[in-house]
Amino acid sequence: MKKLLKDLRTGVYSLIMLNIIKSNGPIHGYALRVKVMKLSNNILTPSESTIYESLKYLEKRGLIKSFWGKTSGRGPPRKYYVITDTGVEVLKVVNAEALVLAKLLQLVAKSEES
């Protein structure tokens, strides 16, 4: 069951992460994970592996690109992610579809309550 839930959530996390990357400019994986948790009031708590697997998936498909940058402070360099032009175009379409899906889920949930 745990694997099934992870598989179902992966696409949702990718969509959320792509939106955060677009909105927040260059961002590294850990900050991205913290942002997802903060925005969801800790309802969504993706593991580090889920975050980095999703980032690899998005980068492999050309929706984001990465670069190494220094941190503020003494930490090691971090890999930062930015959205590509292709990512922006794909995001427009998928966000529109996601809004329709969200409304549909609400309708289905309400009909099941009745």
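Of all the residues in segment 71-91, those that are among the charged types (D, E, K, R) and surrounded by 10 or more Cβ atoms within 10 Å (Cβ to Cβ) number 3. When residue 73 is tested against (1) in contact (Cβ under 8 Å) with a residue 24 or more places away in the chain; (2) assigned to a loop (DSSP other than H, G, I, E, B), exactly one condition is not met: (1). The condition of being part of a helix (DSSP H, G or I), in contact (Cβ under 8 Å) with a residue 40 or more places away in the chain and touching a Leu at 6+ places or on another chain (Cβ under 9 Å) holds for only one of 91, 55, that being 91.
Give segment 2-48 a look and list any residue that's part of a loop (DSSP other than H, G, I, E, B) and at negative phi, or say none. Residues satisfying the conditions are 26, 40, 43, 44, 45, 46, 47. Residues of segment 5-31 being hydrophobic (A, V, I, L, M, F, W, C) and more than 23 Å from residue 97 (Cα to Cα), which ones? Within segment 5-31, 27, 31 qualify. For residue 98, the conditions (1) farther than 24 Å from residue 7 by Cβ; (2) out of contact with any strand residue (DSSP E or B) (no Cβ under 7 Å at 6 or more places or on another chain); (3) surrounded by 14 or more Cβ atoms within 10 Å (Cβ to Cβ); (4) touching a residue at least 60 places away in the same chain (Cβ under 8 Å) all hold with the exception of (1).
For segment 40-52, the candidate set comprises residues that are within 18 Å of residue 64 (Cβ to Cβ) and touching a residue at least 12 places away in the same chain (Cβ under 8 Å); within that set, the residue that is farthest from the chain's Cα centre (by Cα) is 48.
Bear in mind these aren't lab numbers, they're just calculated from the coordinates by the rules spelled out. In this text, all values refer to a predicted model and were calculated from it rather than measured experimentally. Methodologically, a virtual Cβ is constructed for each residue, glycine included, from the backbone with ideal geometry; neighbour enumeration extends over all protein chains shown.
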